[in-house]
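Q: Here it is, the structure in full.
The values are calculated or read from the model by the stated rules, or taken from the named source; none is laboratory data. Keep in mind the model is a prediction, meaning the values are calculated, not measured. Glycine gets a Cβ as well: all are built from the backbone with ideal geometry, and neighbour counts include every protein chain shown.
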Amino acid sequence: MAVRIRLKRMGKVHAPFYRVVVVDQRKKRDGRVIEEIGTYDPTREPSHISIKGDRAQYWLGVGAQPSNQVRNLLKLTGDLAAHKGVKNPVSRVKYASKDEEAAAKAIKAAEEEAIKRKAAIAEAKQKAEAEAAAAKKAEEEAQKAEEAAAEESAEPAAEATEQSEEA
């Protein structure tokens, strides 16, 4: 069985994400794999490359052939040089800078601030609704009191008209 180390495409249309896999050469690109040994995300800046070096070296040692793209990734991570016997292989993978981490923290802080602001607005809206309900209730009570007072004043007048009709 011819074994290759190649990329398996994942992700959405126009947003590729790849898994570095060990697979039988005759299988489809996204078919069943023997083992997944890493990931590659070319959409990030810089690209994200994560490969399990010990597993890559094992498969290279037992005769698995890397595809051209995976060979380039293994050169960047230093795994291909380690397989060939180079002492102290160097990884040339670039990592995101501290500025991007600071920007990510700032974005997270802004999101938290927005959540707090939304909560404050919702609380103010609830308070306003409660005040409006209390005002409506007080208005209804005042209207009932006026009606009761009108009925009381109407009763003595009705009694006076009844007395005048009897006389």
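Q: Please state which one of Asp79, Asp41 is closer than 25 Å to Glu101 by Cα and of a type outside the set (A, V, I, L, M).
A: Of Asp79, Asp41, the one residue that is closer than 25 Å to Glu101 by Cα and of a type outside the set (A, V, I, L, M) is Asp41.
Q: Could you tell me whether the stretch 22-40 includes any residue that is under 30 Å from the mean Cα position of the chain (by Cα), surrounded by 14 or more Cβ atoms within 10 Å (Cβ to Cβ) and in contact (Cβ under 8 Å) with a residue 40 or more places away in the chain?
A: Within the stretch 22-40 (the criterion being under 30 Å from the mean Cα position of the chain (by Cα), surrounded by 14 or more Cβ atoms within 10 Å (Cβ to Cβ) and in contact (Cβ under 8 Å) with a residue 40 or more places away in the chain), the answer is no, since none of the residues qualifies.
Q: Looking at the stretch 30-72 only, could you name the residues that are assigned to a helix (DSSP H, G or I) and within 22 Å of Lys12 (Cα to Cα)?
A: Gln69, Val70
Q: A further question follows. Among the residues of the stretch 51-66, is there at least one that is farther than 24 Å from Ala2 by Cβ and without any contact (Cβ under 8 Å) to a residue 60 or more places away in the chain?
A: Checked the stretch 51-66: no residue is farther than 24 Å from Ala2 by Cβ and without any contact (Cβ under 8 Å) to a residue 60 or more places away in the chain.
Q: Would you check if Lys144 is at pLDDT 90 or above, surrounded by 10 or more Cβ atoms within 10 Å (Cβ to Cβ) and not assigned by TED's automatic domain parsing to the domain that holds Glu45?
A: no
Q: Now for a different question. Return yes when Ala106 is over 30 Å from Ala56 (Cβ atoms), assigned to a helix (DSSP H, G or I), modelled with pLDDT of 85 or more and not assigned by TED's automatic domain parsing to the domain that holds Asp41 and no when it is not.
A: No: the conditions fail for Ala106.
Q: Hey, Ala133 hits all of (1) part of a strand (DSSP E or B); (2) more than 30 Å from Arg26 (Cα to Cα); (3) among the aliphatic types (A, V, I, L, M) but one; which does it fall short on?
A: The failed condition is (1).
Q: Right, next: Scan the stretch 2-29 for residues that are over 19 Å from Leu60 (Cα atoms) and part of a strand (DSSP E or B) and jot them down.
A: Answer for the stretch 2-29, where residues must be over 19 Å from Leu60 (Cα atoms) and part of a strand (DSSP E or B): Arg9, Met10, Gly11, Lys12, Ala15, Pro16, Phe17, Tyr18.
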